[in-house]
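Student: Here you go, one structure.
Throughout, read-outs are computed from the coordinates displayed, never taken from laboratory work. If you're wondering where the values come from, they're calculated on a predicted model, not measured in any experiment. Counting neighbours? That spans all protein chains shown, and the Cβs are built from the backbone with ideal geometry, glycine included.
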Amino acid sequence: MEEYFDVVDENDNVIGKASRKECHSNPKLIHRGVFVLILNSKGQLLLQKRSMKKDLSPGKWTCSASGHNDMGESYEDAAMRETREELGIETGLEFMFLVKFRHETESENDRIFIGVHDGPFHPNRDELDEVKFFDMEEVRKMVEEKKSVTPGSVLVLENYLKSIKGKAK
């Protein structure tokens, strides 16, 4: 069954719907997504390595959990669902900021959430190959190099690192 997303305008108002395939091949079709950042009690950031089976950015590191909002789904519910589906955990999440991701093949309005969890995690192996905590300096280097991180996560992590500059090492 084909997956459909709400299509939104620049102000995030729903203006229609389109298939996943259409949304990922037409940057004019802005759709909604979420990124979740999970920290542990040491202040390290959990990243996941996307499954080699994924159609977008296989084998690249990305935020702790991420995905698209189902049609009619709130950002908060999407963030909780993706965290549950990908990491197998339930944890409190707090909204951090919004990013507008504009890429040559797709456009998203993404809300970023943060939570704290030390594990254990129960990763969905259809979605990801590995989860690992990284020190912030390691995350900075990965973001600067860009090669091993998904384009959307580069944008999210750049914004996150700016927001904590001087607060964490």
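Student: Being in contact with a Pro (Cβ under 8 Å, 6 or more places away or on another chain) and not in a loop (DSSP other than H, G, I, E, B) narrows it down to one of Glu22, Glu86, Glu76, Glu82, so name that one. I'd like the intermediate steps shown before the answer.
Tutor: Details: Glu22 fails: in contact with a Pro (Cβ under 8 Å, 6 or more places away or on another chain); Glu76 fails: in contact with a Pro (Cβ under 8 Å, 6 or more places away or on another chain); Glu82 fails: in contact with a Pro (Cβ under 8 Å, 6 or more places away or on another chain).
Of Glu22, Glu86, Glu76, Glu82, the one residue that is in contact with a Pro (Cβ under 8 Å, 6 or more places away or on another chain) and not in a loop (DSSP other than H, G, I, E, B) is Glu86.
Student: Something else: What about Val131, is it more than 24 Å from Asp77 (Cα to Cα) and buried (at least 18 other Cβ atoms within 10 Å of the Cβ)? Break it down stepwise before answering.
Tutor: Working: more than 24 Å from Asp77 (Cα to Cα): no; buried (at least 18 other Cβ atoms within 10 Å of the Cβ): yes.
No: the conditions fail for Val131.
Student: Being surrounded by fewer than 19 Cβ atoms within 10 Å (Cβ to Cβ) and either of a type in the set (Val, Ile, Thr) or under 15 Å from Val36 (Cα atoms) (or both), is that true of even one residue in segment 54-66?
Tutor: For segment 54-66, residues surrounded by fewer than 19 Cβ atoms within 10 Å (Cβ to Cβ) and either of a type in the set (Val, Ile, Thr) or under 15 Å from Val36 (Cα atoms) (or both): absent.
Student: Would you please name the residue that is surrounded by the fewest Cβ atoms within 10 Å (Cβ to Cβ), looking only at residues in segment 67-86 that are hydrophobic (A, V, I, L, M, F, W, C) and touching a Leu at 6+ places or on another chain (Cβ under 8 Å)?
Tutor: At the first step, the residues of segment 67-86 found to be hydrophobic (A, V, I, L, M, F, W, C) are 71, 78-80.
From what's left, touching a Leu at 6+ places or on another chain (Cβ under 8 Å): 79-80.
Working: Ala79: 27, Met80: 20.
Result: Met80.
Student: Can you name every residue in segment 98-121 that is part of a loop (DSSP other than H, G, I, E, B) and surrounded by 12 or more Cβ atoms within 10 Å (Cβ to Cβ)?
Tutor: Step one: of segment 98-121, the residues part of a loop (DSSP other than H, G, I, E, B) are 103-106, 117-121.
Within segment 98-121, His103, Glu106, His117, Asp118, Gly119, Phe121 qualify.
Student: Looking at (1) out of contact with any Ser or Thr (no Cβ under 9 Å at 6 or more places or on another chain); (2) not hydroxyl-bearing (Ser, Thr, Tyr); (3) not in a strand (DSSP E or B), which is the only condition Leu56 fails?
Tutor: (1)
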